[in-house]
Amino acid sequence: MIVMKFGGTSVQDAAAIDRAVAIVRGRLAERPVVVVSALSKVTDALLAIGRGAGGGDRDGALDLARGLRERHYNTASELLGTSVFTGFHSELEAEFDALDELLRGIAAVGEITPRTSDLVVSFGERLSSKIVASTLQARGMDAVHVDARELLVTDDTHTRAVPQFEETYERFRGRVKPLTEKGHVPVMGGFIGSTKHGVTTTIGRGGGDFSAAIAGAGLGADRIEIWTDVDGMMTTDPNLVREARRIKVLSFEEAAELAYFGAKVLHPATVLPAVQRNIPVFVRNSKNPQCDGTCVQATAPACRNAFKAIAVKKRINLVDVAAARSLSTQGFLRSIFDTFDKHNLAVDAVSISGVSVSLTVDSSDGIPALAADLGRLADVKYEGKKALVCLVGENIRETPGIVAKVFGALGNIKVRMISQGASEINLTFVVEEDDMVDAVQRLHKEFFSDLDPAVFA
């Protein structure tokens with residue numbers, strides 16, 4: 001049994017859904033479970049619609065909802081044909097009528113809460129999964145639509161709900177596995193779930209991949225396929241380096257580091273349920289299904305290259321905190337991180353020397369208030385327009401002199417902070433944002449000109 005997840009660009013219109021359906025057909029023998037995102041850009045549109053209604057613009061929100069209604073009707077009609085769509089039309093109409101009623105209620109109250117926002121946004125996956133299931137049926141496959149909210153149990157932290165894994169796994173085993181054993185193709189939306197009391201929740205942006213991994217773990221899948229619009233994970237962003245190459249295989253640990261430090265192909269949390277159940281995750285391109293993509297698995301094969309990839313994050317803020325030498329290091333560090341936690345700011349990288357600490361944050365919001373609080377402890381400076389560059393690879397552990405080689409390749413590019421720490425598989429540093437492209441191009445030329453064919457395409 002396998003889990004196949006199709007992202008927004010893989011179900012963005014009728015042509016994309018037809019491609020996805022053809023891919024599913026080719027895997028029927030492996031008893032697929034299909035997880036889909038909302039049609040491309042629909043989640044953003046629903047968020048905007050919800051905010052508009054909450055701001056009192058009822059007519060504007062309803063007008064935007066009519067645009068979404070027309071888009072989904074047209075997509076379904078093109079896929080199903082007039083006769084089949086006539087029977088399916090009432091199902092879509094009921095969903096959009098419910099959305100309109102919800103928007104009128106939000107506008108009447110004049111406020112949208114996180115709980116209500118989750119309900120508004122959930123319509124994206126509810127609609128796309130029904131369209132995909134109906135298309136599979138119209139193409140002769142025994143598809144069954146399953147409401148993800150009846151499977152994925154979460155807490156009540158709306159907009160970023162935390163899955164309750166054991167109960168969720170039990171539901172997948174009890175409700176979905178019997179369907180696959182009977183030859184059905186279950187189709188569900190990603191990203192959405194519900195509390196134990198049936199209140200609709202979402203598990204955060206990018207949560208469709210997470211949903212697929214949870215489904216795979218709960219069902220004991222042989223593999224999880226993430227279908228997107230790129231050929232797999234690359235040695236770096238092809239928009240920065242034209243010579244970027246596809247990585248055939250990565251370890252879970254490497255993929256998680258790359259995702260955290262800016263590689264957007266996989267949601268950072270996606271690998272967690274797969275790691276726990278040792279299920280390989282494949283990243284594939286729905287527009288180029290002949291490409292083998294990237295396999296993310298428990299352990300990667302030996303590679304003669306020191307690094308697997310370079311990830312980058314732009315718009316980074318660098319915060320430098322320096323206190324008097326007489327201050328206790330232990331108390332100083334605890335106070336710093338308590339202050340970051342108070343301001344709800346996540347730290348990407350840290351470099352510590354005595355009682356001087358440099359930290360990076362990928363959000364400018366709240367930095368002045370953070371600095372004001374930290375200023376009670378020590379001298380504080382902060383600067384924006386920085387970039388975080390992260391080289392990832394398990395061979396860092398085994399390669400002597402690798403740090404010297406990295407900074408030798410950078411030449412005259414000014415490095416503001418260096419962090420190499422606990423994971424042992426990443427080397428991270430900060431440069432000026434204007435130097436980022438040059439830095440990545442130099443490093444890629446140095447470390448990826450001669451590639452191990454067993455690992456890179």
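We did not get these values from a lab; they are worked out from the coordinates using the rules stated. From a predicted model like this one, the values you see are computed outputs, not experimental measurements.
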Considering the range 1-133, what Rg and Dmax in Å follow from its alpha-carbon atoms?
15.9, 51
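Give the relative contact order (percent, whole number) for the chain; include only Cα pairs under 8 Å separated by 6+ residues.
Numbers: 921 pairs, mean separation 63.0, N = 457.
Averaging sequence separation for qualifying contacts and normalising by length gives 14 percent for the chain.
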Just to confirm my numbers, what's the Cα centroid distance between the range 114-160 and the range 416-447 in Å?
40 Å
Built amide H within the under 5 Å cut-off of Asp155, gap 5+
Val162, Gln164
Go through the range 306-322 residue by residue and turn each phi into a ³J(HN,Hα) via Karplus (6.51, -1.76, 1.60, θ = phi - 60°); whole Hz please, and just put x for glycine and proline.
5, 10, 9, 6, 10, 10, 9, 10, 9, 6, 8, 10, 9, 10, 10, 10, 10
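Quick one: work out the % antiparallel among DSSP beta bridges in the range 2-229, nearest 5.
On the way: 4 of 21 bridges.
Around 20 percent of the beta bridges assigned by DSSP in the range 2-229 are antiparallel ones.
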To the nearest 500 deg cm²/dmol, what mean residue ellipticity at 222 nm is calculated for the chain from DSSP H runs of n ≥ 4 alone, each contributing -39,500 (n - 2.57), summed and divided by the residues?
-13000 deg cm²/dmol
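What fraction of the DSSP beta bridges in the chain is antiparallel, stated in percent and rounded to the nearest 5?
On the way: 41 of 66 bridges.
Around 60 percent of the beta bridges assigned by DSSP in the chain are antiparallel ones.
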The ³J(HN,Hα) series, computed from each phi in the range 229-234 with the Karplus coefficients 6.51, -1.76 and 1.60 at θ = phi - 60°, rounded to the nearest Hz and given as x for glycine or proline, is 10, 10, 6, x, 7, 10
Long-range amide H partners of Phe6, meaning residues 5 or more apart or on another chain whose placed amide H is closer than 5 Å, are Val35, Val36, Ser37, Trp227
How far, in degrees from 0 to 90, does helix 42-54 lean away from the longest principal axis of the Cα atoms of the chain, to the nearest 10?
90 degrees
